[in-house]
Amino acid sequence: MLDKLTQVWHSYKYRFVPWLAFNLKERTVRSVTADNMDKIISDDCLLDQLTSLTAALRGTLFHVVMESAPKQRQSAHQKALKVMEEVMGFHVIRAPSAVGGTGVIVVGSNDAQDSIGTIVKKGQVVGLYPGVIYLPVQPIFFQSIGNPFIFRCADGILIDGHDKRISKSLFRSCVNRDRVGSFPIADTSWLTEYPLNPLNVGQYVNNQSKGYPSNVAYQELTIDGRHIHLQERCFIPNLWYSPPEGIPVCDIPVRLVALIATRDIKCGEELFSDYFTIIR
């Protein structure tokens, strides 16, 4: 019982304001001068990297999405990893973390590495933070109970990246609600062990700690829904809890949170981020 309570506390403490206030002085904090300065790469560069991958995934895996055959998910996931490696030179997977629990590891072929073993260059997109998007005024209390995967954007928008319990059910419900004909408007495979877009594991990137400095940072991006091909929306892991009325679903802007490499990363390295960013 004590071990279980300790595990729950470790997952919850980053959302407990008194603990944050007491411990902030002990933590390494990422600081930017304004929210529009919180960019590692340009938005255009981020979008180009993302759409290069989604276009390649559509060419290989779109039929799997439309068939929605669970028994094909594992083999389709392996194909997706190969597609990502062909497009980006590496792929990322969930794996046991050096700090305990689950983390995200960079993997790639020997051919993709340079002379010093680097496989991911600074400025490369290495993950997306999946989940339902909530405006600051929308209810999220019940979803937040025992949930360590709620990401708060600079403007107060929240993204619930939990792949279990009520959060999982809500995401599936919103995807079914917002279908455009037979086309799903967002990816649901990230809720399983076999995401069809390998980038959609950003919620499992752990916070930096002593001996494990950050090598990625979060970058927020709001994109016009029309900038993502309708047949590629099934690889995008975000949609709104309550979209605005009177606008076609596929035209509604979508908030994305990408993880961007802040330095060159070697094959086999685990990704670590800064959970704390102060905007001055």
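The values are calculated or read from the model by the stated rules, or taken from the named source; none is laboratory data. Since we're looking at a predicted model, the values are computed, not measured. Backbone-built Cβ (ideal geometry, glycine too); neighbour counts: all protein chains shown. Ligands, DNA and RNA are excluded from the accessible area calculation, which covers all protein heavy atoms including side chains. Shrake-Rupley method; radii C 1.70, N 1.55, O 1.52, S 1.80 Å.
Data table
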quantity	calculated
Criterion violated by Ala186 - all others in (1) open to solvent by less than 20 Å² (accessible area, probe 1.4 Å); (2) part of a helix (DSSP H, G or I) satisfied	(2)
Some residue of segment 251-262 being assigned to a helix (DSSP H, G or I) and either in contact with a Lys or Arg (Cβ under 7 Å, 6 or more places away or on another chain) or of a type in the set (A, V, I, L, M) (or both)	yes
Options Leu271, Leu256; residue that is crowded, with 16+ Cβ neighbours inside 10 Å and either within 25 Å of Pro136 (Cβ to Cβ) or free of Cβ contacts under 8 Å to residues at least 12 places away in the same chain (or both)	Leu256
Only listed residue being in contact with a helix residue (DSSP H, G or I) (Cβ under 8 Å, 6 or more places away or on another chain) and within 16 Å of Asp160 (Cα to Cα), chosen from Val205, Val257	Val257
Conditions (1) open to solvent by 50 Å² or more (accessible area, probe 1.4 Å); (2) modelled with pLDDT of 90 or more; (3) assigned to a helix (DSSP H, G or I); (4) of a type in the set (A, V, I, L, M, F, W, C): number failed by Ile93	(3)
Residue match in segment 103-115 (condition: assigned to a loop (DSSP other than H, G, I, E, B), modelled with pLDDT of 95 or more, aliphatic (A, V, I, L, M) and open to solvent by less than 40 Å² (accessible area, probe 1.4 Å))	no
Qualifying residue in segment 265-277 (condition: in contact with an Asp or Glu (Cβ under 8 Å, 6 or more places away or on another chain) and over 19 Å from Gly181 (Cα atoms))	yes
Conditions (1) touching a strand residue (DSSP E or B) at 6+ places or on another chain (Cβ under 9 Å); (2) over 30 Å from Val87 (Cα atoms); (3) basic (Lys, Arg); number of the one not met by Lys122	(2)
Matching residues in segment 190-209 - criterion: being open to solvent by less than 10 Å² (accessible area, probe 1.4 Å) and either assigned to a loop (DSSP other than H, G, I, E, B) or at pLDDT below 95 (or both)	Pro195, Leu196, Asn197, Pro198, Leu199, Asn200, Val201, Val205
Any hit, segment 53-75, residues being surrounded by 15 or more Cβ atoms within 10 Å (Cβ to Cβ), under 16 Å from Ala261 (Cβ atoms) and of a type outside the set (Asp, Glu)	yes
Ala186 vs. criteria out of contact with any helix residue (DSSP H, G or I) (no Cβ under 9 Å at 6 or more places or on another chain) and more than 18 Å from His91 (Cβ to Cβ)	no
Residues located in segment 226-250, provided they are open to solvent by 60 Å² or more (accessible area, probe 1.4 Å), acidic (Asp, Glu) and under 18 Å from Leu199 (Cα atoms)	none
